Amino acid sequence: MPDRFTKTSPRGSRWDQEGAEFVASDSEWCDRFSARLIALMANVDYLMASSTALDLVSHHALRALSPEWVAEDLARSQVGLAPS
């Protein structure tokens, strides 16, 4: 049982019936997404990853998913991440 000092606690997402973790805070979602994307793609820096995270966090369907899953899907497709 988490105590009152626990920063975040996992909650089940109402969109996912398989028990996936729901990240309650947008900033935590963006941080976790950025960290995973940087780990997966060598050509992505923190500024690009965090900018992408801020764009994606406003999409309710993506926001309901685990940030690591979204980063892995994006890394597989590499949509919109080519340096200009």
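Tabulated values for the structure
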| read-out | value |
| --- | --- |
| Rounded accessible area of D55 (nearest 10 Å², 1.4 Å probe) | 100 |
| Extension gain from D45 to Q78, taking 0.36 nm per residue of separation minus the Cα-Cα distance | 10.5 nm |
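The values are calculated or read from the model by the stated rules, or taken from the named source; none is laboratory data. As the structure is a computational prediction, the values presented were derived from the model and not from experiment. Only protein heavy atoms, including side chains, enter the accessible area calculation; ligands, DNA and RNA are left aside. Shrake-Rupley method; radii C 1.70, N 1.55, O 1.52, S 1.80 Å.
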